[in-house]
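First up is the structure itself, then whatever we jot down about it.
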Amino acid sequence: MVVRIRLARFGNKHNPFFNIVVAQARSARGAKPLEVIGTYNPIPKRPTNLYGENTDARPYKEIALDRSRAKYWLGVGAQPSDPVWKLMGMAGLVAPKPTTFDKA
Amino acid sequence: MPPRMQSRSVSNTLLPYLTSSSSSSSSLSSIPSLSSASSQCLSRQFSATAAPQAQTKLRRQMFEWLNNEGSVFKHHVPGETNYLTRLKQRGGNEGSEASRPFPNNQHFISEPILSEELRNEVYNRVIEQKKSVRVVSVELGIDMKRIAAVVRLVELEKRQRAQGKPLALPYARAVHEMVPTTPLAEKGERQTYHEPINDLPAHPLTGTQIFYPVPESRSFDRVEAGRVFSGAPAMEHSEAAEISHPSDLAEKIMEDPNSIGWVGKGANARQILQPADVRIPHPHLVAQERDRLAHPNERRAVADLQSKRLERQDALEKERRERLQARREKKTTIVSPEESRFDYRIKDTIYTTETTGVDGRGSKATGRRYGVPHRDRTRGEVKIPTRVEA
């Protein structure tokens, strides 16, 4: 059975929050995973102290990731889901996901 | 059900009143059968008497009052309130007037606020003279939190002035006239303290009543009492003998905050309650007072010692802050993808049995836990942010 690295949704209605988990591909989203290796908060936060040179700072999203565990699980063949692929690509753990434009 | 009264007949009886005010055009237009000319005819029936040519008695009295007694209120004296009640209590107690901004509410007594000069002096000392918040707080007798707030607000004001934004200056002036203010001392004068700066809120742990028998031969002071309140075992004799006064601990903890011991295990672990000498905002003032008592004739030497102590404390605090910031920055990678509207802050975390616990339910690990009740709706849970992330 395939082991996947994927997101598990927590939080309330309109207030999503994700654990980045390693789980069996066929298990339920809310089921207890093999391991939690990080979190992802999709709600953008606005940086504080917006003045001076900071005025046009972009809002940011927070990711927490245990790199060594992520590398281990990728090394033993765990497959990241598309959203996790995107996050891990930004963290530099995997090659960035090719866009449709690149494929063509 | 009996037939309802038609709404038109009702509005007809109201018409004279409606037309007397100019804003009734909308209510009139809802009645198509009546033109504006006919409504004017209706209103004339009620104003048969001619308007009086001379002033009414009340109006005449009003002008009499305005020209005699009331003339003092015509121009407002800067720095004072302009209340009518001043006539009644003329020659009364002037001192209490400043702290009671609302004369009809004697129960409201206002605390003093910072005067403009004092406020600007705070900003000047912190930003331009680069003094630490702690030193300025002691010099001017203002709480450290208030110092920080004043600096932020003056900064904001300066920025708004630079941007040409309108400021509510008349409002600020009026408030400063209403409530008492703490003035900035003249050169050579002693600055009056704005508020007590070394206050300490009661710690919740000290709320319990504990019956704790102690042998007469044993010394039992604030340090020991804190340990009892937090449920920690008594100190070793050798350890206790090193502390000659509880304020010695303040120095030690300032240098090494990790020297405070812990009680409890896992999620219940908490630091041992320290004596008030350590927890007050300015522990160095206690040390200074002890120095003064020990050397009553060497004022200069005591002052030098104190300034050295403050410098060291500031240096330590600054170093600690920078180390923390560097560690935080080292752990975080900021990625700004071209095609995205957002930055992504990727923080390194570590998941080990230490953080997650053996059963995976540990409270220290990042992320939401499995199999543990989510206590976000429990009573007393603070849900609003209590601090601002940098």
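Taken as a whole, the condition of being under 27 Å from B:Leu200 (Cβ atoms) and exposed (fewer than 13 other Cβ atoms within 10 Å of the Cβ) does not apply to B:Leu305.
Only residues that are farther than 14 Å from A:Met88 by Cα and either surrounded by 12 or more Cβ atoms within 10 Å (Cβ to Cβ) or not charged (D, E, K, R) (or both) were counted across the stretch B:337-348, and they come to 3.
Evaluation of A:Ala28 against the conditions (1) free of Cβ contacts under 8 Å to residues at least 12 places away in the same chain; (2) within 9 Å of chain B (Cβ to nearest Cβ); (3) of a type in the set (A, V, I, L, M, F, W, C) shows that the sole unmet condition is (2). Among the residues examined, B:Glu155 does not qualify as part of a helix (DSSP H, G or I), of a type outside the set (Phe, Trp, Tyr) and closer than 21 Å to B:Ala287 by Cβ.
Hey, A:Thr39 hits all of (1) within 11 Å of chain B (Cβ to nearest Cβ); (2) farther than 21 Å from B:Thr353 by Cα but one; which does it fall short on? The single condition A:Thr39 does not satisfy is (2). The single condition from (1) touching a Phe, Trp or Tyr at 6+ places or on another chain (Cβ under 7 Å); (2) within 27 Å of B:Glu329 (Cβ to Cβ); (3) at the interface with another protein chain (Cβ under 9 Å from one of its Cβ atoms) that A:Val94 fails is (3).
Listed by first and then second residue, the pairs with beta-carbon distance under 6 Å, at least 6 apart or on different chains, first residue in the stretch A:56-72 and farther than 15 Å from B:Thr366 by Cα, second loosely packed, with under 13 Cβ neighbours inside 10 Å, are A:Pro59/A:Arg46.
Here is a yes/no grid of residues against (1) part of a helix (DSSP H, G or I); (2) among the small types (Gly, Ala, Ser):
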| position | (1), (2) |
| --- | --- |
| B:Glu186 | no, no |
| B:Tyr193 | no, no |
| B:Asp199 | no, no |
| B:Gln209 | no, no |
| B:Ser217 | no, yes |
| B:Glu224 | yes, no |
| B:Arg227 | yes, no |
| B:Ala232 | no, yes |
| B:Leu249 | yes, no |
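FYI, it's all coordinate maths here, none of it is from the lab. All of these numbers come straight from a predicted model, not from anything done at the bench. Note that we place each Cβ from the backbone using ideal geometry, even for glycine, and neighbour counts take in every protein chain shown.
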